[in-house]
Amino acid sequence: MWVVLVIDILNREFQRGRIFAVKSRLQEIPPRLSDLFRDILTRDNENMDDLLLSIQWILFSRRPLRLEEYYFALVAGLDPDSLTEWDPDQITKQSMNHFMVSSSKGLAEMTKSSNAAVQFIHESVRDFLLKDDGLASLWPELGDNPKGRSHDCLKTYCHRYTKIDISAYVEPEQDFLQEDKKSAKTLRTKVTEKLPFMDYATKELLYHSNTAESLGISQQPFFQEFSASLDHWIKLHNLFEQFKVRRYAPRTDLLYIFADLGFASLVDSRLRDNNQRSTHRWPNQRFRTPFHAAVNGGHTNIVKGFLSNMGAEELNDPVRKTETPLFTAVERRYAGIVELLLEAGADPNFQGSKPGVDLLSQAIETKRQDIAELLLSRNFSIRNSRELDSPAYPVVAEKGRSRLRSRLEIDLAKCSDDVLYEAARNGQSTTVRILLEKGAQVNFIPKERSSPLHAAVTSSDEFCARLLIENGADVNLIPPRFSSPLYTAVGSSKSCMELLIENGADVNLVSPGFGSPLLAAVRTSDESCFKILIENGADVNLTSKGFGSPLHEAVKSDEYWVKLLIESGADVNVVAKGLGSPLCLAVKKSQTSCARLLLENGADVNVGSSTFQTPLYWAVNTDKRSMVKLVLENGANPDLPGDEYRGRTPLHLAISLANIPIVLLLLEEGADIEPSGCDISTILVEKGAKINSTDERGLTALHVAAQKGSLKAVKNLNRGARLREAGSSNNTLSYTEDLHNHVEQLLQLRADHINGRNELGQTPLFEACRLGAVDIVKLLLGRGADAKVLNNEDQTALFAIRRSHVHSGRLVRLLVEAGADPMHENRKGLTFLYASEGFPKLEVWEMKEVFECIRQGQLDESKAIRTLLGQAAFHDDIARVNFLLYVGADLNKRYKGGGTPIYDVARYGVPSVMNRLAHLLLEAGADVTIPGEDELSPVELAIKTKRYSFAEILRSRPE
């Protein structure tokens, strides 16, 4: 730094042409940096007042000043009478910069940052002025307290600047208490542009006053002067304060302002010299009393000063209906102030008007174990002044324990029920220990919560769990709507799991709605936990309601676990209510490798249950030809009814499914209708299925094919097939024959007659829609049928569609794609959706949007990121999802960035609706194996985010 300064001095000699004087000037320069600074500052005595103010502002301003702030700050001290609005044309930034350099005698410069500010050219300048007493030695009039006197001067200059008239910008009655953010910001900007130093002067005036007071410069004279203009300062403060809650009402007392802003020295001076009370109420203020304002701000020294002049009654007086100073300190997490208040006699049993608003609960909820310990450590005890009835264990109060509360005693009845639970959940082991020592009930289950032990295990906190168990926690207690602690530990905390088993946890305890611990091990694919459970006696064939055995769980996805379970003794033919055998489930989930493994290990291919389908029936239902072959090759009986209540065989099912080619048009047993043998029906016939077997309605497979409106079935009838057995219902037979005759006529129509009308004004398209015959509707539209034709009732073919038809939504989409107007109204002013009962509906604008996408062929195109169905699922819009599924939106199409509707439900779904959305999508055929953008399937994502019940819904697709 010395070299830089010396070079600058010598350059000035060169610039003046005094080359001859350079050598002598160099010899005059002091060798020590501090002496050089002194030489620079005292070489001439010009503008020494400028220099002093420059140094004081750079040294002692609360923050670095911008150039324009610096300029007007010095003007406020040098020539206060000239203070006025800034005219940039008259006082340019260049002239301000020259003034900055000259007033500091070259020792100040502008920083190079985007928010440039004035600073010393080097930190050594500051060291010279303060550490080397350069300030005091150069200006002895500052006495032995240059820092205190400097702050007092800066306070004065700030106060002067705040007195500038701002009436041109602010109305006399304007107090900014309710000013909206935008208008206040606009006005702040306007005032700052014209009065650049006003923001700093207003905000830091009291800072400099407080610092001066703390350094021994009394501010009592200033209080009197400041009080006279206090309302003006409050108006300025409110203008520059961005947050409404921090603004002050007119005529707010100085003590309140000092306490709120945290100026301890000013508060102490005010209390000492004016004998003001810290609990005087100011009803229009945020905190009403200066004491409460200090507590809220976390101003420990001010609180300590107030407490020396307060009694316990004032200390515990609620300044709000739901708040005392102690409650505020706990809520704001000020441990030091909490300790001060408790020492002074604050009552820890304050309870607000809202349930669960108490100090201990607040401390635990904010995860401040230190504050919770403070509340519990003052020789307090926890009293139970209520009868505690856990849902699992009725708790009896200890004999001889007083129910009267002493003054400094925490009463559990005045705390939330879940204090121990929350402490355990947050891992606050010390708080848990103290609560237990003071009498908290270790097995008490708060409303809509689990037990403390369950909470600790959920958080994988072995230390806290051990502490609870050592104090009597029941390791087998299952809270309502929760699983057992052991089930929860499996897959998340091996150490907690071992701890529970060591202390008597039942490895075969089934948690309603969750299953057994062994089932959890399979579900989470945790082999180490699985082995520990087996070693400790877990029953590998134990079934859980709704979930079955561990083997049922394994066959859904993992061949490795199926093999491991079989090796561990799992029964491959165990039947679970509602699920059937493991083989049934493997077939249903299309897990071919798992099914093959089960069959190799003795699975009975014809085992179902009294209420469930056989494996072959499910193989047909999944439309998997390879699976059908597998079970048939292993001895499946094709004529064994798969539906006990309706008597339908796999053959009936194969024909009735509208999503597979129906080709069972057989004249006699074993007829080869489709020589190519490419469909499920052919495989069944080859294996000996009886074509003419009937169900309880007397319908053969051929009846079913015709009733479903299969065009291919009817074409085969035209090739010569005839019914051999009449149905038991005349209506059924008539319906079948009518359909046959009608289609036979359709097949003979020429394209130019396809839109011929009957006496009702209806075309063949109307009749096909009325019958729900999708294939026939496709044929007619393909041959030129006009979907826009109106009948005598001013209705399109859309009005002929019956909601009861399985594929009515597909018909709606076909007609809209062909040009039918879905918003067309008949003579009664109704659209087709409102003309009949049962159709799903949305707001008119929503339906128009969907139908327009159908008309343009963009129903399944991504809009920005998601398809319409994806957007509906993302926004948890059940009605919109239902409508889009009805009209045939593709629910398994991945978006541009990855993901499907069911994936979005798993990732973003709101708990209150996600289960309903999942059921809707699953029933419509959502594929839960399609991964999202993170390459996780919806099931894997649900497990990763610990939404186990939702994962189970995804794994157990609706029947």
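The values are calculated or read from the model by the stated rules, or taken from the named source; none is laboratory data. Note that the coordinates shown come from a computational prediction; the quantities given were computed from them, not determined experimentally. As a convention, Cβ positions derive from the backbone with ideal geometry for all residues, glycine included, and neighbour counts pool all protein chains shown.
Name the residues in the range 261-299 that are at pLDDT 80 or above, of a type in the set (Phe, Trp, Tyr) and part of a loop (DSSP other than H, G, I, E, B), would you? Let's see the steps before the verdict.
First pass over the range 261-299, keeping only residues at pLDDT 80 or above: 261-272, 289-299.
Checking which are of a type in the set (Phe, Trp, Tyr) leaves us with 263, 291.
Within the range 261-299, Phe263 is the sole residue that qualifies.
Kindly establish whether Phe327 is buried (at least 22 other Cβ atoms within 10 Å of the Cβ) and not in a helix (DSSP H, G or I).
Working: buried (at least 22 other Cβ atoms within 10 Å of the Cβ): yes; not in a helix (DSSP H, G or I): no.
For Phe327, the condition - buried (at least 22 other Cβ atoms within 10 Å of the Cβ) and not in a helix (DSSP H, G or I) - is not met.
Just one of (1) within 21 Å of Leu154 (Cα to Cα); (2) crowded, with 18+ Cβ neighbours inside 10 Å; (3) in contact with a helix residue (DSSP H, G or I) (Cβ under 6 Å, 6 or more places away or on another chain) trips up Gly216, so point out which.
Of (1) within 21 Å of Leu154 (Cα to Cα); (2) crowded, with 18+ Cβ neighbours inside 10 Å; (3) in contact with a helix residue (DSSP H, G or I) (Cβ under 6 Å, 6 or more places away or on another chain), only one is false for Gly216: (2).
The rows are residues; the columns are (1) of a type in the set (S, T, N, Q); (2) at pLDDT 85 or above; (3) within 21 Å of Ala212 (Cβ to Cβ).
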site	(1), (2), (3)
Arg251	no, yes, no
Asn301	yes, yes, yes
Met310	no, no, no
Thr324	yes, no, no
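Residues that are among the aromatic types (Phe, Trp, Tyr) and assigned by TED's automatic domain parsing to the domain that holds Leu195, at least 3 per element: which helices (runs of 4 or more DSSP H) completely within the range 56-135 meet that? Don't jump to the end; show me each part of the working.
On the way: elements: 67-78, 93-103, 123-130.
Answer list for the range 56-135: 67-78.
Just to be sure before I move on: is Arg481 closer than 25 Å to Gly548 by Cβ, of a type outside the set (Gly, Ala, Ser) and under 24 Å from the mean Cα position of the chain (by Cα) in the structure I sent?
Values: closer than 25 Å to Gly548 by Cβ: yes; of a type outside the set (Gly, Ala, Ser): yes; under 24 Å from the mean Cα position of the chain (by Cα): yes.
Spelling it out, Arg481 is indeed closer than 25 Å to Gly548 by Cβ, of a type outside the set (Gly, Ala, Ser) and under 24 Å from the mean Cα position of the chain (by Cα).
Taking into account only those residues within the range 236-273 that are basic (Lys, Arg) and over 40 Å from the mean Cα position of the chain (by Cα), which is farthest from Val295 (Cα to Cα)? Before the answer, list the steps.
Going residue by residue through the range 236-273, those that are basic (Lys, Arg) are 244, 246-247, 251, 270, 272.
Subset that is over 40 Å from the mean Cα position of the chain (by Cα): 251, 270, 272.
Numbers: Arg251: 22, Arg270: 18, Arg272: 20 Å.
Looking at the filtered set, the residue picked out is Arg251.
So in the range 881-925, with the set limited to residues that are in a helix (DSSP H, G or I), under 19 Å from the mean Cα position of the chain (by Cα) and in contact (Cβ under 8 Å) with a residue 40 or more places away in the chain, which one is surrounded by the fewest Cβ atoms within 10 Å (Cβ to Cβ)?
Here the answer is Leu917.
Condition check: surrounded by fewer than 19 Cβ atoms within 10 Å (Cβ to Cβ), touching a strand residue (DSSP E or B) at 6+ places or on another chain (Cβ under 6 Å) and of a type outside the set (D, E, K, R). Does Ala116 satisfy that?
Here the answer is yes, as Ala116 does meet what is asked.
Considering only the range 211-249, state which residues are at pLDDT 90 or above, aliphatic (A, V, I, L, M) and part of a helix (DSSP H, G or I).
Ala212, Ala228, Leu230, Ile234, Leu236, Leu239
Looking at (1) of a type outside the set (A, V, I, L, M, F, W, C); (2) touching a residue at least 24 places away in the same chain (Cβ under 8 Å); (3) at negative phi, can you tell me which one Ser525 breaks?
Tallying (1) of a type outside the set (A, V, I, L, M, F, W, C); (2) touching a residue at least 24 places away in the same chain (Cβ under 8 Å); (3) at negative phi, Ser525 fails exactly one: (3).
With the condition kept exactly as written, say whether any residue in the range 475-491 is out of contact with any strand residue (DSSP E or B) (no Cβ under 6 Å at 6 or more places or on another chain), surrounded by fewer than 19 Cβ atoms within 10 Å (Cβ to Cβ), at pLDDT 90 or above and not in a helix (DSSP H, G or I). Lay out the reasoning, then the answer.
Here is the first cut: in the range 475-491, the ones out of contact with any strand residue (DSSP E or B) (no Cβ under 6 Å at 6 or more places or on another chain) are 475-477, 479-482, 485-486, 488-491.
Now narrow it down to the ones that are surrounded by fewer than 19 Cβ atoms within 10 Å (Cβ to Cβ): 476, 480-481.
Checking which are at pLDDT 90 or above leaves us with 476.
Adding the requirement that they be not in a helix (DSSP H, G or I) leaves 476.
Yes, some residue in the range 475-491 is out of contact with any strand residue (DSSP E or B) (no Cβ under 6 Å at 6 or more places or on another chain), surrounded by fewer than 19 Cβ atoms within 10 Å (Cβ to Cβ), at pLDDT 90 or above and not in a helix (DSSP H, G or I).
With in a helix (DSSP H, G or I), modelled with pLDDT of 85 or more and not hydrophobic (A, V, I, L, M, F, W, C) as the only criterion, which of Lys828, Lys788, Lys848 stands out?
The unique qualifying residue is Lys848.
Restricting to the range 933-951, name every residue that is in a helix (DSSP H, G or I) and modelled with pLDDT of 80 or more.
First pass over the range 933-951, keeping only residues in a helix (DSSP H, G or I): 938-944, 948-951.
Correct list: Pro938, Val939, Glu940, Leu941, Ala942, Ile943, Lys944, Phe950, Ala951.
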